[in-house]
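Single-structure report; data block below.
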Amino acid sequence: MPVRAILWDLGRTLADWDPDYLYSRLIPDASARRDFLASVCTMEWHEAHDRGVSMADNREALIARHPDKATLIEAWETGWNAMFNGYVAGMEGLVEALHARGVPQYALSNMPAEKWADVLALYPSFALFETAVISGEEGLVKPDPAIYALAVSRIATPAAETLFIDDRLDNIEAGARAGFAVHHFTGSDALKAELARLELLPAGSE
């Protein structure tokens, strides 16, 4: 069955997202910054936002444990947009190019619900997605099989005809189990070559 649609992960696949972009401004010392992101505002802590817990609620206990770092913890919300640095290298214009060729595109992203509007403002091309399943809105996160089943129910093309693209291997493996064609994103060149192989982009566009 030929692949004819795309299901995008967003952060670190299309959007260049990294908390270090923000905190390099707030904590100039690299060692102190690494310690903060490894022991205070960790990715495990952030996952609660992706599950739908509000940033205000999620930081209360963290600030109670680290009252001297309250302003830095609050910056996860107030400085959210500064965690983005445009598109991942080589990915700018790709959504538009696929749209121009009539390729249906959807999104399946682990993301705080309260920040989805900000991300849409930063990346206007994301408005081209026919459907966007945002984890924080659903109370489910990848790689939970339930969020893939939800995506299957929401998109207009069968999973087998839809290429799921994600930078995390565990998410890709879960997508494959859900029936999607999959591509583990490691960079724009390999992805564009795969899209050309699938005849979703012209050969040589990579």
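Here the Karplus relation 6.51 cos²θ - 1.76 cosθ + 1.60, evaluated at θ = phi - 60°, turns the backbone of segment 146-156 into coupling constants of 5, 6, 6, 4, 5, 4, 4, 6, 9, 7, 8 Hz, with x for every Gly and Pro. Placing a pseudo-label 7 Å from each Cα along the Cα-to-Cβ vector at residue 85 and residue 128 gives an inter-label distance of 2.4 nm. Straight-distance candidates among the aspartates and glutamates for linking to residue 192, with alpha-carbon spacing under 18 Å and chain neighbours fewer than 8 residues away dropped: 9, 16, 92, 96, 161, 166, 167, 206. Once the Cα-Cα distance is subtracted from the 0.36 nm per residue extended length, the residue 38 to residue 63 segment shows a gain of 7.5 nm. What are the residues whose amide H is under 5 Å from the amide H of residue 87, where those residues sit 5 or more places off or on another chain and H is modelled from the backbone? Close amide H contacts, sequence-distant or interchain: 16.
Here the Karplus curve 6.51 cos²θ - 1.76 cosθ + 1.60, taken at θ = phi - 60°, turns the phi angles of segment 180-188 into couplings of 6, 5, 9, 9, 7, 6, 10, x, 5 Hz, with x standing for Gly and Pro.
Length available on full extension from residue 203 to residue 92: 0.36 nm per residue minus the Cα-Cα distance, which gives 38.2 nm.
Among residues other than residue 171 whose Cβ falls under 9 Å from its Cβ, what is the net charge (Lys/Arg +1, Asp/Glu -1)? Please report the intermediate quantities before stating the final value.
Details: positive: 142, 168; negative: 9, 166, 167, 170, 173.
Charge balance in the 9 Å sphere: -3.
Applied to segment 107-117, the Karplus parametrisation 6.51 cos²θ - 1.76 cosθ + 1.60 on θ = phi - 60° returns per-residue 3J(HN,Hα) values of 10, 9, 10, 6, 7, x, 4, 6, 10, 4, 5 Hz, with x for Gly and Pro.
Nearest 5 is fine: what % of DSSP beta bridges in the chain come out antiparallel, could you say? All intermediate terms of the calculation are to be shown ahead of the outcome.
Numbers: 2 of 18 bridges.
The answer is about 10 percent antiparallel.
Comparing Cα centroids, segment 34-105 and segment 136-151 end up 18 angstrom apart. Highest-first packing order for the peptide set 11-17, 191-197, 79-85 is 11-17, 191-197, 79-85, based on the mean count of other beta carbon atoms within 10 Å.
Since every read-out is calculated from the coordinates, none of them should be taken as a lab result. For clarity, every value in this text was computed on a predicted model and none was experimentally measured. Here Cβ is always computed from backbone atoms with ideal geometry, including for glycine, and neighbour counts include all displayed protein chains.
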